[in-house]
Amino acid sequence: MKMLLPFINETFPGVIWRMEIDSLSETIFLEIRDTADKKVSFASVNLLSGKPNFTGFTTPERWLTGIEAAYNGILLLHNYQSEGAPVHKDIIAVDNKATICWSNYTYAFDHLTINGPVVYSVQIQPKKLFVADIKTGTAIRPYELAIDTEPENYIEVPQILPSPRLKQILPVEPYGDIIHYFEHNNLRIVSLHSLKAEQLKQHLYIIDDGVIVYDDLLNAGIQKLQPESFIIYKNSLIYIKNKSELKVLNL
């Protein structure tokens, strides 16, 4: 039986704080935070080729910026109003060559639609929403709820199941009585916690007809149970190891 191997295996200099998948360009964008140096950077990885488009991209604002959304190969970033407030402001658009396509410091992002980002000017009250051209930032037309619907993200998350249901096929004794579980292409994907010698660990297993064809230790020496550890995007398993490693497997 064929063992599985990661198609993408990239390590970043900080904690992967957020991921955003753009299904139009098949790109995963990452926000990486170095809390010690108070520095945030961004990366882009092509999910088809497995190769990074760019890594280590930064803006003049070293810390108070983050990912807003991604659409058609363009990453939208925002700044924060202040360190103590979660309010977003400004829009900076970055393409897959790590080039800033446009920026606007009077706009703010509202939400993403199948026709592009919906934004508004913070200088106009009451708020007036319009659809913006993702490549230039110019207004296309006013936002229309009927036609500017939410895009499909193709992301599926695991179920939470009681561990006794799968105990007979698991290689370690689950801790916490629950597992994260997903079935895809006749594969069983399981994430669980174990406790040995007072050390809590988080594991990932892929099981094919009762045989483990892939396993990884996601976190060791952790203090509490972690949230869901993987997602399924189309035919790919995507997860983060040790908070800083992006791994993608083609299933």
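Read-outs throughout are calculated quantities, based only on the coordinates presented, and are distinct from any laboratory measurement. Please read these numbers as outputs of a predicted model, since none were measured by experiment. As a convention, Cβ positions derive from the backbone with ideal geometry for all residues, glycine included, and neighbour counts pool all protein chains shown.
Some observations on this one:
- The distance between label points at residue 183 and residue 156 comes to 1.0 nm (points 7 Å beyond Cα on the Cα→Cβ vector).
- Taking θ as phi - 60° and the Karplus parameters 6.51, -1.76 and 1.60, the scalar couplings of the range 50-64 work out to x, 9, x, 7, 7, 9, x, 6, 10, 10, x, 7, 5, 10, 8 Hz in sequence order, x denoting glycine and proline.
- Trypsin sites (Lys or Arg not before Pro) restricted to the range 137-228 and DSSP loop, no more than 15 other C-beta within 10 Å: 224
- Under 14 Å from residue 89, Cα to Cα: aspartates and glutamates that are on another chain or at least 8 residues apart: 61, 68, 110
- Between residue 17 and residue 99, residue separation times 0.36 nm minus the direct Cα-Cα distance comes to 27.3 nm.
- The C-alpha radius of gyration of the range 108-148, expressed as a fraction of 2.2 N^0.38 Å, stands at 1.05.
- Annotation for residue 242 and residue 149: the two label points, set 7 Å from Cα along the Cα-Cβ direction, are 4.4 nm apart.
- Note on residue 81 and residue 141: with the Förster distance fixed at 22 Å, the Cβ-Cβ geometry gives a FRET efficiency of about 0.20.
- Relative frequency of Cα-Cα separations exceeding 12 Å in the range 209-251, percent: 67 percent
- Compared with the alpha-carbon gap, the fully stretched path from residue 217 to residue 235 is longer by 4.3 nm at 0.36 nm per residue.
- Sequence-separation-based contact order of the range 1-112, relative, with Cα cut under 8 Å and 6+ spacing, percent: 17 percent
- Percent breakdown of C-alpha pair distances by 5 Å bin, ordered from the shortest bin, for the chain: 1, 6, 12, 15, 16, 14, 12, 10, 7, 4, 2, 1, 0
- Rounded to whole numbers, the Karplus 3J(HN,Hα) couplings from phi for the range 168-180 are 5, 9, 8, x, 10, 6, x, 10, x, 6, 9, 9, 9 Hz, using 6.51 cos²θ - 1.76 cosθ + 1.60 with θ = phi - 60°, and x at Gly and Pro.
- Two numbers describe the Cα atoms of the range 152-251: Rg and Dmax, which are 13.0, 44 Å.
- Residues whose placed amide H lies under 5 Å from that of residue 244, excluding near-sequence neighbours: 16
- Relative counts (whole %) of C-alpha pair distances in the range 75-135, using bins that are 10 Å wide: 22, 52, 24, 2
- Placing R0 at 22 angstrom, the Cβ-Cβ distance between residue 121 and residue 34 gives a FRET efficiency of 0.10 after rounding to 0.05.
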